[in-house]
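These notes are about the structure you will find just below.
Taken together, the values in this text are just the output of simple stated rules run on the coordinates, not laboratory data. Note that the structure is a prediction, hence the values are computed from the model and not measured. Heads up, the Cβs are rebuilt from the backbone with ideal geometry, glycines too, and the neighbour counts pull from every protein chain shown.
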Amino acid sequence: MSELSSTASNILTILNNIDELIVKSSDRKNAANVVKALRAYARGKHFPISEDKLDNFLAILIDARPLTLTSLVHDIAREVIMADKKNSKSKK
């Protein structure tokens, strides 16, 4: 099993923090701020992340159930892992 890049690991950590803000703390306002910071971090590191999924997540953040939001966070995390694997293969 290949290891993830530090950028991908950091993005996954941020996604985990977003999930905890929603599920454990019910702090959706700060979760929205963290999503915006995640977007800026990914852009700064030139890491491909789905802008549409982040936009959709922010659009439903206030009204959606925690389970729905967790599912979206997991979906974004899967895409991050796949993108990182694709990037590591192309660099070899």
- Dipole check, segment 3-92, charges on Cβ (K,R +1; D,E -1), about Cα centroid: among Val73, Ala32, Gly44 the Cα furthest to the positive pole belongs to Gly44
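Tell me, Ser5, Ser71 in order of fewest to most beta-carbon neighbours within 10 Å?
The fewest-first ordering by Cβ neighbours comes to Ser71, Ser5.
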- Query: Any idea what angle helix 51-60 forms with the longest principal axis of the chain, computed on alpha-carbon atoms, 0 to 90 degrees, nearest 10?
  - Reply: 10
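Any number yet on Rg/Rh for the chain, C-alpha, Kirkwood?
For the chain, the value is 0.98.
For Ile76, Ile60, what ranking results if the residue with the fewest other Cβ atoms within 10 Å of its Cβ goes first?
With the fewest neighbours first, Ile76, Ile60 line up as Ile60, Ile76.
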- Could you state the angle between the C-alpha long axis of helix 66-91 and the longest principal axis of the C-alpha atoms of the chain, as a value from 0 to 90 degrees rounded to the nearest 10? 10
